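The structure appears right after this line, and notes come after that.
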Amino acid sequence: MDQDAVAGGDPDVYDRAYRALSLRGAPDPRATGIYSVLINFRAAGGLPDTGPAPTLSVNYEVTEGLVKGTTDSGHYTVVCVLGDLTVQYQETTVSAGVGDCQAMRWSGTGWRISPGLLAAPAPCAWPGSPDAVDAGYRELV
């Protein structure tokens, strides 16, 4: 979800994708770290809060994952992803290692963002770095 929902850098697109994957009672997507990142870099660039922006390109490539824990006979888990977020706007390119964690619940047909509290923030590090390994991330294959 994060890779597709972040492409283009529009917080409204992320909001819709998050809600489409959420069960009733899930945390507000606007409380997530990814949403904050999208809002903050748009503000820093003097862009409108939402909507398309000419010459803005955003790519998030998830490369690593982490399972923080599971319960309820494996039907509830907190998982994190880590990837390289690259933002290009006008003549400037900025990249950062960005993590995202979500509490997920098995719905009987697939994993959905769970009702309840927002998962604790993800550790952020450069994918593949010693800090990422120390945080528990492993390469996704």
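The values are calculated or read from the model by the stated rules, or taken from the named source; none is laboratory data. Just so we're clear, the structure is a prediction, and the values are computed from it rather than from any experiment. All Cβ positions, glycine included, derive from the backbone under ideal geometry; neighbour counts span all protein chains shown. These accessible areas exclude ligands, DNA and RNA; they are computed on the full protein's heavy atoms, side chains included. Shrake-Rupley method; radii C 1.70, N 1.55, O 1.52, S 1.80 Å.
For region 18-45, what are the residues that are surrounded by fewer than 18 Cβ atoms within 10 Å (Cβ to Cβ) and small (Gly, Ala, Ser)?
20, 25, 31, 33, 36, 43, 44, 45
Looking only at region 122-140, decide whether some residue is among the hydrophobic types (A, V, I, L, M, F, W, C), open to solvent by 20 Å² or more (accessible area, probe 1.4 Å) and part of a strand (DSSP E or B).
no
Quick one: residue 26 ticks every box in (1) assigned to a loop (DSSP other than H, G, I, E, B); (2) out of contact with any Lys or Arg (no Cβ under 7 Å at 6 or more places or on another chain); (3) modelled with pLDDT under 95 bar one, so which box is it?
(3)
Check region 16-26 and report whether any residue there is in contact with a His (Cβ under 6 Å, 6 or more places away or on another chain) and either in contact (Cβ under 8 Å) with a residue 24 or more places away in the chain or not polar (S, T, N, Q) (or both).
No, the conditions are met nowhere in region 16-26.
Please specify each residue of region 46-80 satisfying the condition of being outside any loop (DSSP other than H, G, I, E, B), of a type in the set (A, V, I, L, M) and open to solvent by less than 40 Å² (accessible area, probe 1.4 Å).
Listed by number, the residues that qualify are 56, 58, 62, 66, 78.
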